[in-house]
Structure formats: structure tokens, C-alpha cells
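Working notes for the structure below.
The values are calculated or read from the model by the stated rules, or taken from the named source; none is laboratory data. If you're wondering where the values come from, they're calculated on a predicted model, not measured in any experiment. Positions of Cβ are backbone-derived with ideal geometry, glycine not excepted, and every protein chain shown enters the neighbour counts.
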Amino acid sequence: MHATPVLRRALGLGVLKRWASVIALFALWEGVCRARLVDPFLLPALSEVLRRGAGELWSGELVAFTALTLYRTLAAFVLAGAIGIAIGVSMSLSAPLRWFGEPVVSFAFPIPKIALMPIFVLWFGVFDLSKIVMTTVAAVVTVISATHLGTRHIDKYLLWSAQSLGTHRRALFWKIVIPAALPAILTGLQIALPMCLIVSIVTEMITGGRGLGGYMIYASRFAESDKVFLGIFLTALIGYVLTEGLAMARRRLLAWHPEETVMV
Amino acid sequence: MPHIEIVGITKVYEQPAAPPIVALDGVDLTVEHDQFVSLVGPSGCGKSTLLHLVGGFISPSTGEIRIDGRPVTGPGPDRGIVFQNFALFPWLTVRGNVEYGLAEKGIPRRERRKVAQHFIDMVKLTGFEEVYPHRLSGGMQQRVALARMLACDPQILLMDEPFGALDAQTRLILQEELKEIWRQARKTVLFVTHDVREAVFLSQRVVVMTARPGRIKEIVDTDLPADAPRLAVDALAEDIWATLREEVLKAVVPGDRREQAP
């Protein structure tokens, strides 16, 4: 029984230690503002931003905007994931597709995809569709190349073992290649998810259309710096929750993988 | 009818911008049912290649391999294999690995579990059923590979230096266990090793191969009685080593970079 408070304290300390740098940064922010070292217009205190947030929450507008950004981010993520895995897998399975796809992916990889936004606005309008397409295009290349790299090189002894245990040649892909490539595919998705959030917000900033990006741009135009900071704060929070959720999913899916048992 | 017939097998690996590698050159070998045959030879002599050919994982440049008179066209569950590097499925538990082949055979879940448990117990891994391979030691992983192969009940066991990566003690124990399993189950075994004593201890015939290009130099009858004294095993191993020695020396000419055939 006496171990419980010790354990609890250990856990509390662990959490505190993990978040110490963020907490320190917030304290510094608050302190600098309280000490009136900066103009509150240029940098409103954290407490001001949070108070504003509590007020905005009642209006319902901010909640709707956050939901909208979240919807665009996740829709694009699901699309980029599905399309990216499908293309990456197809390129590994078919030599002609590989011949066609590999140079295209290499070429597309370093392009700042956001440059295509004006084109997508012309093609798909200024509403949800162009934003989701833009975000999908930006994230899909990462998923394609991670999936392709993961599924392209599989230990031949794993394939041979499966075949000698009765797995048909055509079933090898799903039974061996995909599970063996899962760590690489998940890594691709983990890079794609924050990318989707970033690009969604940028598209909202460019084309207006509400969402957190639009909210911040409008606030900036009306010189409401506390609202801008509130937007940044919320974006960071969403980003953290999303990536942490995916990291948890990874730990579950890859319980078998040596990397997941390393203690941090 | 012999169980395995290897007839005039040649295997040549073409390589870009270099002369082709002749891994095997005119190999003929016949293995009877329930026989335990070992292949020994210097590194790169093509003994693993020969095993992979019997497994149907690669195809010969010339010649033919027949199992019960039928030519080999690809891998199949009639020939189980254990590789030197274990090649367990890392995303499956010990139980999952051992059940894999049974599931491929379409055996129902309950039956699968029973059979898998039998082989897990046999290789002394009881209690490790739900553990993932990376948590196990090399010796334990090799036992899982053995159980996974045996659970499928293949008629032919192909073993590619299965104890090569293990420490000396684990090796001795697994050798004795394998001999016992073979005595009970009566399978045809083709066993690749570079340990001559291991070959003599386990097998009824030892095939000595030449340095690359791999040919059969000599086939030695090593079917000692089960209670043969250690000295008899050692003496026979000594004889085979004398034959093998000159081939090993040929294979390690200084400055000649020889790699294991792919």
C-alpha cells in the first residue's frame, strides 16, 4: 500500500519533468508581459489570450472554426494516406508503374506544393474542395515514398519461409510484405499528419474561408493580436493531440517491433 | 524410388561487368526416404545454393531436381526449411509463428492451437507462447524456427547452417534435440553445415563438396550406431576433415576475395 503515494509522486514528477521546458516558456511569456517589458499589443500575456479564448468559446464561432480546420486536416490525411499507400504499393508491385512513378516522386518531392494553390483555386473554387485537394497533394508524396521504400526491400528469407510454409506467391504481398513494411508506412503517415495541419491552415490563410487559418488572418487585419495568439495556441494544441494520438496507435500496432520496447 | 534426386545441377550467377560465378558445377546426389544427409564444404562452395535449389526458391541453370520423381518447380510445404538467420515473422508471437503454416493449410483454430502447443513444448519453449521473437535469445529463436517448420509436417527438412549463429553450448543441446526429433519423426533431412563433427554426429551420410565451383568430392558413410562412443565420431570427423582441408585451403587463397554465393 505504501508504494502508491511514492508511485504517484514519481508519476507527477515524471509529467512535470517532461513538460518543464514548455511550462518554463509559458511562465517566461507571462512574466515578460506582466513586467510590461513589451507592448501588450505586440505580445499579449498568456493569461489574456486564455481569457479571450474562454470568451470566444461561448460565442461558438471559434469552436466551429476549429472543427472546420480539423475536418479539412483529417479529410486530407485520410485521402493522402489511402491514395499514398495505394500508389506506393502499386509501384512496388508493378515494374512499369515503378518506371513511371519513381522519377515523378523524386521530382515532386522537393517542390513546395503550396505553389499549386492558385491553380487549385481556379480548378476547384475557393471553398473546402480546393483546400482539401491542396493539402492531400502536399502530404501524399511523403506517404507514397515511405510506402514504396518500405515495401520495395523485404528480407528474401521471410518471403522464402512463408512460401515453404504454404503461402501462395500472390498472397505474399498481403501476408508478409505489408506487415514487414508497416513501420515504414506508419513513419510516412506520422510525417504526413502534421503536414496536413500546416497546409490546411496555410490554405485557409490564403483563401480566407474561415477555419483557424482564416480566423488568424482576420484577427490580424483587425489588429486583434490576442486572437492571433489564441489561434496559434489552438493550432499547437491540435497538432500535439493529433501527433500524440498517432504515436499511440503506432505503439499499439508495432508492439512486436524492437524499437517500441526501448525505454525512454 | 529415392526421395530426392539431384541430377546434373549447375548454377551460374551472371553479374554485370564481371565474369559469371559458377556456384555449382554438375552435381548429382540421391537421398533416400528418412535419410539424414549433411553437406559440408568450404565457404562459398554452393552448399546453401544447393539447399535453396531443392527448396525451389531458385532455379538451376541446367539439370533437374526431383522429389518422389516429380520435378521441383517452386517452394512448397512438402519441404520445410530453417535458415541460419532464423527468418521468423517479427510481427507474430511464438505461437503465431508456429501456427502460421497450419493456418495456411486451412486447419481450424482449435486444432491449430493444439498442434502448435505440441511443437512449442517439444522445443522447450512452454511459457513463451505470447512473446515476440525479438525478445528471445538466438537459441530460442532458432527453436521457434524449428517448431514452425515441424508443425507443418513436411516430409523433407532442409536446414541451412541452422546452428551456425549459436553459442557452443546451445549448439550441442540443439544438435541432440534435432537427432532425437529425427529419430522419432523419421523425416528426410538435408543439412548444410561447416562443422564436420556436427555433420558426423547427426547424419547417416556426409557429402563433402569442393571449393567453388562446387562439385561433390566424396560421400562418406557416417551411419554410426546410436551408442557409438565419442571417439568413433571424432575419428570419422577427423578423416572427413582431412579430405575437406585441402578444399578449404584452396578457397582461402590470399588476396582472393570470395563471397558467399547470393
**Item:** Hits in region A:225-262 (condition: within 14 Å of chain B (Cβ to nearest Cβ), out of contact with any helix residue (DSSP H, G or I) (no Cβ under 8 Å at 6 or more places or on another chain), within 14 Å of A:Leu186 (Cα to Cα) and of a type outside the set (Gly, Ala, Ser))
**Value:** A:Arg252
**Prompt:** Quick check, is B:Gly101 in contact with a Cys (Cβ under 6 Å, 6 or more places away or on another chain), within 13 Å of another protein chain (Cβ to nearest Cβ) and part of a strand (DSSP E or B)?
**Reply:** no
**Prompt:** Any idea which residue in region A:214-224 is farthest from the other protein chains (Cβ to nearest Cβ), counting only those that are among the aliphatic types (A, V, I, L, M) and crowded, with 17+ Cβ neighbours inside 10 Å?
**Reply:** A:Ala219
**Prompt:** With respect to A:Ile217, is the statement that it is in a helix (DSSP H, G or I), of a type outside the set (Ser, Thr, Tyr) and closer than 28 Å to A:His148 by Cβ true?
**Reply:** no
**Request:** Test A:Leu159 against the criterion of being over 29 Å from A:Phe26 (Cβ atoms), surrounded by fewer than 23 Cβ atoms within 10 Å (Cβ to Cβ), touching a helix residue (DSSP H, G or I) at 6+ places or on another chain (Cβ under 7 Å) and modelled with pLDDT of 90 or more, and give yes or no.
**Result:** yes
**Single unsatisfied condition, A:Val177 versus (1) in contact with a helix residue (DSSP H, G or I) (Cβ under 7 Å, 6 or more places away or on another chain); (2) of a type outside the set (Phe, Trp, Tyr); (3) under 30 Å from A:His257 (Cβ atoms); (4) surrounded by fewer than 16 Cβ atoms within 10 Å (Cβ to Cβ)** = (4)
**Prompt:** Quick one: is B:Arg95 more than 22 Å from the chain's Cα centre (by Cα), modelled with pLDDT of 95 or more and more than 9 Å from chain A (Cβ to nearest Cβ)?
**Reply:** yes
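This table checks each residue for (1) among the hydroxyl-bearing types (Ser, Thr, Tyr); (2) surrounded by 18 or more Cβ atoms within 10 Å (Cβ to Cβ); (3) on the phi > 0 side of the Ramachandran plot.
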{"site": "A:Ile185", "(1), (2), (3)": "no, yes, no"}
{"site": "A:Ala192", "(1), (2), (3)": "no, yes, no"}
{"site": "A:Cys196", "(1), (2), (3)": "no, yes, no"}
{"site": "A:Ser200", "(1), (2), (3)": "yes, yes, no"}
{"site": "A:Thr207", "(1), (2), (3)": "yes, yes, no"}
{"site": "A:Leu212", "(1), (2), (3)": "no, yes, no"}
{"site": "A:Gly231", "(1), (2), (3)": "no, yes, no"}
{"site": "A:Gly239", "(1), (2), (3)": "no, no, no"}
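Residue-wise test of (1) farther than 19 Å from A:Arg210 by Cβ; (2) modelled with pLDDT under 90.
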position: A:Ala86; (1), (2): yes, no
position: A:Leu93; (1), (2): yes, yes
position: A:Phe100; (1), (2): yes, no
position: A:Phe109; (1), (2): yes, yes
position: A:Ala115; (1), (2): yes, yes
position: A:Ile119; (1), (2): yes, no
position: A:Ile132; (1), (2): no, no
**Request:** Go through region B:32-55 and count every residue that is assigned to a loop (DSSP other than H, G, I, E, B) and buried (at least 22 other Cβ atoms within 10 Å of the Cβ).
**Result:** 4
**Request:** Starting from region A:154-170, take each residue that is over 15 Å from B:Leu158 (Cα atoms) and more than 8 Å from chain B (Cβ to nearest Cβ) and list its partners that are small (Gly, Ala, Ser) and in a helix (DSSP H, G or I), counting only C-beta distances under 6 angstrom and pairs at least six apart or across chains.
**Result:** A:Ile154/A:Ala180
**Request:** Would you check if there is a residue in region B:225-233 being touching a residue at least 12 places away in the same chain (Cβ under 8 Å) and within 14 Å of chain A (Cβ to nearest Cβ)?
**Result:** no
**Prompt:** Which of the following residues is surrounded by 15 or more Cβ atoms within 10 Å (Cβ to Cβ) and of a type outside the set (Phe, Trp, Tyr): B:Pro229, B:Pro225, B:Pro213?
**Reply:** B:Pro213
**Prompt:** Only one residue in A:Phe229, A:Phe173 is in a helix (DSSP H, G or I) and either polar (S, T, N, Q) or under 28 Å from A:Thr135 (Cα atoms) (or both). Which one?
**Reply:** A:Phe229
**Message:** Being within 30 Å of B:Tyr132 (Cβ to Cβ), under 16 Å from the mean Cα position of the chain (by Cα) and part of a strand (DSSP E or B) is the requirement here; does B:Gly80 meet it?
**Reply:** yes
**Fill in**
Scanning region B:153-170 for residues that are more than 19 Å from B:Phe36 (Cα to Cα) and assigned to a loop (DSSP other than H, G, I, E, B) gives B:Ala165, B:Leu166, B:Asp167
**Request:** Output the residues belonging to region B:9-42 that are at pLDDT 90 or above and on the phi > 0 side of the Ramachandran plot.
**Result:** B:Asp34
